[in-house]
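Here is the structure we will look at, set down as structure tokens.
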Amino acid sequence: MRVVLQRSKAAKVVVADQIIGQIDSGLVLLVGVTHGDTIDDAAYLADKIVNLRIFEDENEKMNHSLLDVGGSILSVSQFTLYGDCRKGRRPNFLDAARPEEANQIYEAFNEELRNKGVHTETGQFGAMMDVQLTNDGPVTLILESKK
């Protein structure tokens, strides 16, 4: 599993001119699932993300987690995180999990986030989405469940 995490002051996801997910301050997560990912991968990354100390304290040091600051999450599925651009000029997505498998893991990941007490909004799996956010920092990290 691969997640691109961005600290955000505000974010929303729009499908067919309808806002389907929106948060104030917190994290925007672009979530990709690959072959062999399991519920354990989802649980590992959910725990890692909500406890990462990437929010600033009164001394402007990254000492607080999302749980500490009471932030929210906007989670957006994105199979293109597993695009391979090494050959040719068009990426292939053979490393992305099949949609049925990916959606199951993605939903489990979001449920893990919610079970940890984090307000979690989502995009629509498999849809074309417009994701709008105001980066905070910017702080952007790439996390993987296997490395």
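Here, each number is a calculation from the coordinates, and none is a lab measurement. Just so you know, these numbers come straight off a predicted model, no measurement behind them. Cβ: placed from backbone, ideal geometry, glycine included. Neighbour counts: every protein chain shown.
Which of the peptides 83-93, 2-12, 46-56 is most tightly packed, and how do the rest follow, going by the mean number of other Cβ atoms within 10 Å of each residue?
Order by mean packing, descending: 2-12, 46-56, 83-93.
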Exercise. Pairs to check: Lys12/Lys48; Lys12/Lys61; Lys48/Lys87; Lys12/Lys116; Lys9/Lys61. Give those whose C-alpha atoms are more than 25 Å from each other in this structure.
Key: Lys12/Lys61; Lys48/Lys87
Quiz item: So what is the relative contact order of the chain, in percent, for Cα pairs below 8 Å that sit 6 or more residues apart?
Solution: 38 percent
Exercise. Rounding to the nearest 20 debye, state how big the charge dipole of the stretch 2-144 is about its Cα centre with +1 on each Lys and Arg Cβ and -1 on each Asp and Glu Cβ.
Key: 540 debye
Quiz prompt | the chain, helix-only ellipticity at 222 nm - DSSP H runs n ≥ 4, -39,500 (n - 2.57), divided by all residues, nearest 500 | solution = -7000 deg cm²/dmol
Quiz prompt | In degrees, nearest ten, helix 39-51 long axis to first principal axis of the chain (Cα) | solution = 30 degrees
Self-check item: Dipole of the chain, positive direction: furthest Cα of Gly71, Phe109, Cys85, with charges on the beta-carbon
Solution: Cys85
